[in-house]
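Below is one structure; the comments refer to it alone.
The values are calculated or read from the model by the stated rules, or taken from the named source; none is laboratory data. Note that the structure is predicted; figures quoted are calculated from it, not measured. Glycine also receives a Cβ, built like all others from the backbone with ideal geometry; neighbour counts cover every protein chain displayed. Just the protein is used for accessible areas: all its heavy atoms, side chains included, with ligands, DNA and RNA removed. Shrake-Rupley method; radii C 1.70, N 1.55, O 1.52, S 1.80 Å.
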Amino acid sequence: MVKRQDSKGVTALRRKSLNGAWHLAGEDPTGKTIDIEAHVPGVVHWDLERAGIIPNPFLADNENKVQWVARHDWTYTKRFRASPETAAGRHVELVFEGLDTVAEITLNTRHIARTDNMFVPHRLDVKGVLAAGENVLEVRFLSPVEEGLALHRKYREVTLRPADNPRPYLRKAQYSFGWDWGPEIATSGIWRGVHVETWQSARIESVYWRTLAADAVSAVVAVTVWCRGSGKVKSEAYLASGGRKYPVTLSRVKAAGGFAFEGTVTVKRPRLWWPAGHGAQPLYDAAVVLREGGGVIDSREEKIGIRTVALVRRRDKEGKSFTIAVNGREIFCKGANWIPADSYLPRITRRDYREWVRLAARANMNMLRVWGGGIYESPDFYRACDRYGLMVWQDFPFACSHYPDGKWFYEKVRREAVLAVKALRNHPSLVIWCGNNENQWLLDPPVGGRAIYHRLLPRLAKTLDPQRPYWPSSPYGGSDPNSQTHGDRHNWQVWSKWVDYRAYTKDRGRFLSEFGFQAPPPMESVADFGPLDTLHPQHPLFEHHNKQPEGPERLARFLAADFPPTKGIEEFVHLTQLVQAEAIKTGVLHWRSRQPVTSGALYWQLNDCWPVCSWSAADYRRRPKALWFYTRRFFAPVAVRVAELDDGISAWVINDSPVTTAGRLRLESVTFDGKVKARVEKRVRVKPGGVAKIGPLTRVRLAVDDPAGVLLPATLVPVGKRAVRDTAFLLLPKHLRLPEPGLKWRVQAVGSRLALRITAKRLAYGVFLRLPETDARFSDNFLTLLPGEIATVTVTGAALKPREAARRLQVRWVRV
C-alpha cells in the first residue's frame, strides 16, 4: 500500500470524514417539529423509522402511511471541528459523494451550493468559509415530489404518467417513485459519504487503466492520470501480480483544467480476466502515486483486470448478430437483471453486494444487467463482479419515459455521464454501456431524450472509454426497436400480455435482455405481508405486495393453466414458484439451444428491494425461490434440454464451457413407477459454444401410448463426469396421474452441516424442502426425483441436531 506522507515541507492530501452522527429536523403532517439524531450515510425515511416516528414501510400496508415524508423538506445538521492546518490549506473542499437529491448547502451560515443530481459527487470550494475550530454544516433537502412538479410547471417538456409523478425531471433513482415491483418511497438524504479534503499543490482527479491488446503471449496496458493543480509534480504507476511488478513509464502532458501523465506497459504472459465459466478472474494491483519534493502527496490504488471486450455485429441468414466477445472469444451471456437491492440505498452493505453477486455466480450466471431505473451502483458491487466474473451491462439511469430535451437537462446529464464513465471504466466486469431502458420501444417515436441517447452518450463513451461498446437503448434493433433479428430484445408478450410461457419457444431473438415471470417470495417473506393465519392470495395485504396492475390476477391465471386449485397459502406459494421456474427454464433452454444465433438470455430479475411478489429469483433477504435452484441447472456450463415441439420430441446438449464435452446423450420414456418404455442413445462430441441434438422423434418411436403417465428424461453421460439431465412431461401437470412418490429421508451431521438423503419409490415432481423458523439454506431444492433415485442435499445455517432437523423438516411435492 502506498502511504501519503509529508516530506521536505510538502503536505499530502488529507481527508476528514464527516460521516456518522448528524441531526435531522423537519415537521410531521400536523406541523409538529421533528428533531432527531440521524446517521450519515442515510436517508430521511430510515432515520424516522429508527426514531419510531414512522412504521416500517415494508410491512403490511405501512407504505401508504409514510407518503407524507417525500412531500416535506428536511434539514441535516452537523457540528464539527476543523484544525488550523485544515482551514489554512491552499485548497479546502467539502466533498459529498452523493446527495439525494435537491439540496441547499450552508456552511457557517453561508450558502455555498444547490445540488440537484443524486448520481454524482459534489466537490465544493470552502476555502475561507471553513473555520479553524467549530463549524456548522447544514444540508436542507427539498421535497423531491414538490421540486419535480415545480420543474414540470416551469418547462412542460414531458407528459407525466401518472400526472403527479415528476420523476423524469429529476436526476434521481427512478424506481424510488414506485415501480411494478417496488414501493413508492421517494427518499431524501446524504446517501453516500461526506468529507473535508485539503490539498496544496496538486491532487489526482481520475485514473484510466485500459487494455489496448491482449493474448496469451503479451498484453499492452495503458494508463492516463489526470491531475488538478500545479507545481513540480511527478507521477509513478505500476501493475503488480503474483510477486511481479510492472512499472509504467509516464510522460507529463497538458490537460484541460490541470495536467496529466500517460504511459503504457507490456505485460508478458498476462493472466487474463475471463467471465465466469470461461476461465479465472485474476486481478492486478494497479497503483498511481503523485510526488513532490520527495514526498507522496496523493495516490490511487485499485484492482484491474487485463482483458479486451467487443460487441460483434455480423450479418447472417437471420439478420445480424449481437454477441459479446471477451479476449476474442464469443460468449453466451447468461444472467439476470439487477435492480437496487433496497429502497433505502445506504442500508446495502459491502457484504450484501458480495453475497448477492456470489449468489448469481453460484447460479452459473456470467452477466448482470444494471437496469436503467436504478443507479450507478456502489463500487462494492462492481468489485464483487470483478472478483466473481460477472460481466456487467450498464444502463445509464433513464427508464420507461420521455425525458426533457432542454439545454438545462442536457448539460446536467452531460456532467453526470462524464463523472459516471470516469468512475466505472476501470472495472473489467463492465463490458457494455447502454443509453436507457425501453425508452425507444415503449415510447416509439422516442422524442424526449433522443439527443441524449443517440448523440451525447455515444460521443462521451467513445471519447472517455473507447475500449467498450455503447448501445443506444434496451431493447434496440434499429428500425424495429424490439426486433427478433437485430440487436437486443425484451419479451413481455409472455406474462405481461397474458401469453403462456410456452410461446418462448417461438421467439427467435438475438439477445434476450429482459423476459420474466412472477412468483411470491418464500413464506418467511410472505409473513411480512400480513398475519399468515388470515392471509390468502386475494387478501388486500397480499395484493398490496404485488405492484404490477393485475399482477395477482396473472398469478392466478398461469397457476390455473398448469395446476388444479390450491389449498392454502403455502401450496399457492409452492406451485406459483414452480410455474415461474418452469417458465424461465423453457425460455432459457430454447435460446441456449439456438446459440450462436441467439447469444444471450438475461431474465427479469435477480433481486428485490423489499418483500414482494415479483419476477425475482431470490427475495429481498436473498432467500432463493424455485427459480434460483432451476437457474443453477439451466445455466450450467453443459446443459441438456428435452421438449416436444411442433416437429416432434427432441433432446439437445448445450456446451458453453471453454472445452469440448463428449459422452452419450440418452432420451427415454419412463412410466411414473420406473418402467423404461423406450430409449434412444447417441454419442456426442460438442465443441465450446456448440449444440448436439437427438430428434425430432414421434411419440410412437418413444412408445408413448399413455402421455398422462409418462416422463421424458434426457441425460448426458459425459466421459468421467457427472450426468446432466432435463425432464419433460407431455401433458400439463394438472392432466397427469402423478402417484404418491413414497418419499423417505434421513438427516446426518457432516461437520457443521447437515446432509439430507432423500429417496423416491415413484416419480416425485417439485419436491420442496423447508426447515421453518430457522436460517436453513439448502444446496438444492425443487427437485424432480425419478423412481428409485437418491438425492443428497446439504443444509447450512439450520443450527439443529440431525434428529430435530428430521422432525421439523417439511417436504412438499406436486399432488394432482
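Things worth noting here:
- Residues that are closer than 30 Å to residue 205 by Cβ, out of contact with any Lys or Arg (no Cβ under 9 Å at 6 or more places or on another chain), aliphatic (A, V, I, L, M) and outside any loop (DSSP other than H, G, I, E, B) within the stretch 117-156 comprise just one, 124.
- Any chance residue 179 is of a type in the set (Phe, Trp, Tyr) and under 27 Å from residue 616 (Cβ atoms): yes
- Residue check for residue 557: within 27 Å of the chain's Cα centre (by Cα) and modelled with pLDDT of 95 or more: no
- Of the numbered criteria (1) over 19 Å from residue 172 (Cβ atoms); (2) modelled with pLDDT of 95 or more; (3) open to solvent by less than 30 Å² (accessible area, probe 1.4 Å), the one residue 451 fails is (2).
- Test: residue in the stretch 733-744 that is in contact with an Asp or Glu (Cβ under 7 Å, 6 or more places away or on another chain), basic (Lys, Arg) and closer than 26 Å to residue 815 by Cα: yes
- Any hit, the stretch 311-321, residues being under 27 Å from the mean Cα position of the chain (by Cα), charged (D, E, K, R), surrounded by fewer than 19 Cβ atoms within 10 Å (Cβ to Cβ) and not in a strand (DSSP E or B): yes
- Single residue of the stretch 97-116 satisfying the filter (open to solvent by 10 Å² or more (accessible area, probe 1.4 Å) and in a strand (DSSP E or B)) that is nearest to residue 378 (Cα to Cα): 116
- Among the strands (runs of 3 or more DSSP E) confined to the stretch 157-232, the ones with at least 2 residues that are hydrophobic (A, V, I, L, M, F, W, C) are located at 177-179, 194-199, 202-214, 218-229.
- Residue that is nearest to residue 145 (Cα to Cα) [pool: residues in the stretch 49-75 that are within 29 Å of the chain's Cα centre (by Cα) and crowded, with 18+ Cβ neighbours inside 10 Å]: 70
- All of 519, 560, 556, 503 fail the test of being under 22 Å from residue 587 (Cα atoms) and open to solvent by 50 Å² or more (accessible area, probe 1.4 Å), apart from 560.
- Under the condition of being in a loop (DSSP other than H, G, I, E, B) and either closer than 23 Å to residue 40 by Cβ or open to solvent by less than 10 Å² (accessible area, probe 1.4 Å) (or both), the residues counted in the stretch 347-365 number 4.
- Residue count for the stretch 455-494, restricted to those that are open to solvent by 20 Å² or more (accessible area, probe 1.4 Å) and among the acidic types (Asp, Glu): 1.
- On inspection, residue 626 fails the criterion of being surrounded by fewer than 24 Cβ atoms within 10 Å (Cβ to Cβ), of a type outside the set (Phe, Trp, Tyr), modelled with pLDDT of 95 or more and under 30 Å from residue 526 (Cα atoms).
- All positions within the stretch 470-498 that are assigned to a strand (DSSP E or B) and out of contact with any strand residue (DSSP E or B) (no Cβ under 9 Å at 6 or more places or on another chain): none
- Subset of the stretch 693-729 [farther than 19 Å from residue 593 by Cβ, at pLDDT 95 or above and within 38 Å of the chain's Cα centre (by Cα)]: 711
- Evaluation of residue 230 against the conditions (1) at pLDDT below 95; (2) open to solvent by less than 30 Å² (accessible area, probe 1.4 Å) shows that the sole unmet condition is (2).
- Test: residue 575 is farther than 30 Å from residue 730 by Cβ and either touching a Pro at 6+ places or on another chain (Cβ under 9 Å) or of a type in the set (A, V, I, L, M) (or both): no
- Subset of the stretch 293-326 (residues that are farther than 30 Å from residue 490 by Cβ and modelled with pLDDT of 95 or more): 296, 297, 298, 299, 300, 301, 302, 303, 304, 306
- Residue list for the stretch 703-739, filter: of a type in the set (Asp, Glu) and in contact with a Phe, Trp or Tyr (Cβ under 9 Å, 6 or more places away or on another chain): 726
- Identification of strands (runs of 3 or more DSSP E) wholly contained in the stretch 738-816 with 3 or more residues that are surrounded by 13 or more Cβ atoms within 10 Å (Cβ to Cβ), without any contact (Cβ under 8 Å) to a residue 12 or more places away in the chain and of a type outside the set (Asp, Glu) yields no element.
- Single residue of the stretch 15-33 satisfying the filter (open to solvent by 70 Å² or more (accessible area, probe 1.4 Å) and either in contact with a strand residue (DSSP E or B) (Cβ under 9 Å, 6 or more places away or on another chain) or acidic (Asp, Glu) (or both)) that is farthest from residue 204 (Cα to Cα): 33
- Annotation: residue 283 fulfils all but one of (1) in contact with a Gly (Cβ under 8 Å, 6 or more places away or on another chain); (2) buried (at least 21 other Cβ atoms within 10 Å of the Cβ); the unmet one is (2).
- Scanning the stretch 207-225 for residues that are basic (Lys, Arg) and without any contact (Cβ under 8 Å) to a residue 40 or more places away in the chain turns up nothing.
- Some residue of the stretch 69-83 being touching a Phe, Trp or Tyr at 6+ places or on another chain (Cβ under 7 Å) and of a type in the set (Ser, Thr, Tyr): yes
- Extreme residue, modelled with the lowest pLDDT, among residues of the stretch 244-276 that are touching a strand residue (DSSP E or B) at 6+ places or on another chain (Cβ under 8 Å), open to solvent by 20 Å² or more (accessible area, probe 1.4 Å) and part of a loop (DSSP other than H, G, I, E, B): 257
- Residue satisfying all of: in the stretch 422-440; surrounded by 22 or more Cβ atoms within 10 Å (Cβ to Cβ) and either farther than 28 Å from residue 327 by Cα or touching a Ser or Thr at 6+ places or on another chain (Cβ under 9 Å) (or both); modelled with the lowest pLDDT among these: 440
- Scanning the stretch 210-221 for residues that are open to solvent by less than 10 Å² (accessible area, probe 1.4 Å) and either under 14 Å from residue 285 (Cα atoms) or among the β-branched types (Val, Ile, Thr) (or both) yields a single hit, 221.
- Taking the stretch 143-159 as the range and being open to solvent by less than 20 Å² (accessible area, probe 1.4 Å) and either aliphatic (A, V, I, L, M) or farther than 19 Å from residue 69 by Cβ (or both) as the test, the residues that pass are 145, 158.
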